Each structure stands twice: as C-alpha cells, then as structure tokens.
Amino acid sequence: MEVYHTLTIERDGALALVTLNRPNVLNALNAQMIGELYRAFSELDDDDEARVVILTGAGERAFAAGADIGELNGLPDAVAATGLMRRGQGLTLAIERMRTPVIAAVNGFALGGGCELAMACDIRIASERAKFGQPEVGLGLMPGYGGTQRTARLTGRGMAMYLCLSGEMIDAQEAYRAGLVQKVVPADVLLDETKRIAGQIAAKAPLAVEATKRAIASGISLSIEAGLELEALAFGSLIGTADFAEGTTAFLEKRQARFTGS
C-alpha cells in the first residue's frame, strides 16, 4: 500500500475505508488529493480482497467542502483550468467504474467538488448534520467534476437547475427527498451504519455484486430493451460460476453461503 499525505486507508477484512484527511481546510480537494485518491482507488480496484469501499472525511465538520479555492485562484488560463477539471472528472469516472461498490459516508459539508465526489459513489449515507450544494456560480465558476451531469441524473433536471444555478445548500433530509442520498442517520452512528450496509454487500457473491453494479450503471443510459438485454447476458454469465453453485446449494441446505468470488 502506498504512503498517502492527504488521505488514509484502513482495511477491515473485505471492507476498505478511505478517509479524506485535510480537516484543517474542511478536506478541500486540491490537486495532490485528487492524484492520491486516483491512485488509492486504482489500487483498491486491483485488490481482490476488497469487496466494498467506504469514502468519508476526517473530522466532524466536512466530508469535503469543495475544491481548494486558493489553488483555483492561481490557475493561469483556461487550458490549465480545463486540465484540472478533467483530472477531477477522471477521478469521479474511476470511482463510478470500480468493480466493487463504493459508499459515501457524508459526515458534514459536501459542497462543490465534495458533492461531486459523493455523487460518483454508488450509495450515499448522510449524517443528520450533512449539507449538500454546488456553490460554484457564486465564485464566477460552474461545477466541473461532474456536478451538472450527475445531479441531473440523480435528482432530475429541475433539482439540478435549482442546486447548480442558485448555489443554495440543502440539508440531509432535503437531499434524501430529492434522491441525492439513500439514508440519513444520526451523526454518532454514521460510520457504524455505513459499515453495516457495506458488510451486507461484502457478504454477498462478489461476481454477482459486480455484475449487478455494472448492469445498473451501464443500463441507465440505454433504452429499456438494450438494458434488459444487458441484464440477461450478465445473468447468464453468472450461471457457470462457483459462487452460483455455492449460493444455491447453501440455500437448499439452509446454511450460510461461503462465497469465494469465482
């Protein structure tokens, strides 16, 4: 495992916990953190022992309160700005394309790039204290790590326009009602509840989990007919696996399945 300066990685069996670790600046995303996150997720994607990844922020105040404004203010021209945004977009795409599910445990502010980072995860669990928003227009900018695209896909066109054009923050309950997060829990149990959900996923057949994630992520942009065909082919590919034999046998024998990911 690499040495990281802006984040930490902890392992607990099949679970990997990635923590953004710049609490003194509310875990603001600078170029170094983006690069380290990209390397960390690439490493975890290659790790067959990692079955679920949890992403959270250090401290009680923020998941990630956006991009590093000082770094943005120092950008010399449009070419440099576009390059920086493409690196951030590359990270969010890498998270979306992980073979394993990624769960965001949002413990405070998730603004701008922080909100975009959370939206790239497969599931979002929020603390009651969490706040979400895309405030970039107030800085003379716009969302650049996927905010205009993923907000619309997750919440619909109207909510995306509201968040991205007004820059207004919403609380965890409103984010839940909008479909931006899947569950809201008290702050003191956020990580425990996220680990519980991650553990449920990790206990399932890894190849089936991977195929299901891929079918949902890829099929959502297809016609229903093409999506159903994708689903059928993915279903068929699982029939010859050892995990399918183990899962069905364990069910018939009324015992806990022991999946190996093969």
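The values are calculated or read from the model by the stated rules, or taken from the named source; none is laboratory data. Being a predicted model, the structure only gives us computed values, none of them experimental. Note that each Cβ is placed from the backbone with ideal geometry, even for glycine, and that neighbours are counted across all protein chains shown.
Looking only at strands (runs of 3 or more DSSP E) that lie completely in region 88-150, which have at least 1 residues being among the β-branched types (Val, Ile, Thr)?
Answer list for region 88-150: 102-106, 123-127.
Can we say PHE63 is under 22 Å from GLU10 (Cα atoms), in contact with a Leu (Cβ under 8 Å, 6 or more places away or on another chain), surrounded by fewer than 24 Cβ atoms within 10 Å (Cβ to Cβ) and not acidic (Asp, Glu)?
no
Given the residues LEU111, LEU139, which is the only one that is farther than 21 Å from THR194 by Cα and not β-branched (Val, Ile, Thr)?
After applying the criteria, what remains is LEU139.
Out of ALA110, ALA67, ALA78, ALA152, I need the residue that is touching a helix residue (DSSP H, G or I) at 6+ places or on another chain (Cβ under 7 Å) and farther than 16 Å from VAL25 by Cβ. Which one?
Among ALA110, ALA67, ALA78, ALA152, only ALA152 is touching a helix residue (DSSP H, G or I) at 6+ places or on another chain (Cβ under 7 Å) and farther than 16 Å from VAL25 by Cβ.
Please verify whether region 48-61 includes one or more residues that are of a type in the set (Asp, Glu), more than 20 Å from GLU193 (Cα to Cα), outside any loop (DSSP other than H, G, I, E, B) and assigned by TED's automatic domain parsing to the domain that holds TYR145.
No, there is no match, as no residue in region 48-61 is of a type in the set (Asp, Glu), more than 20 Å from GLU193 (Cα to Cα), outside any loop (DSSP other than H, G, I, E, B) and assigned by TED's automatic domain parsing to the domain that holds TYR145.
Give the residue that is nearest to GLN134 (Cα to Cα), with candidates limited to residues of region 62-83 that are assigned to a helix (DSSP H, G or I) and at pLDDT below 85. Steps first, answer last, please.
Restricting attention to region 62-83, the residues satisfying the condition of being assigned to a helix (DSSP H, G or I) are 69-73, 78-83.
The next check asks that each one be at pLDDT below 85; those that pass are 69-73, 81.
Numbers: ILE69: 14, GLY70: 18, GLU71: 18, LEU72: 16, ASN73: 18, ALA81: 18 Å.
Looking at the filtered set, the residue picked out is ILE69.
Can you give me the ranges of the helices (runs of 4 or more DSSP H) entirely in region 155-262 with at least 2 residues that are touching a residue at least 24 places away in the same chain (Cβ under 8 Å) and touching a strand residue (DSSP E or B) at 6+ places or on another chain (Cβ under 7 Å)?
172-177, 190-202
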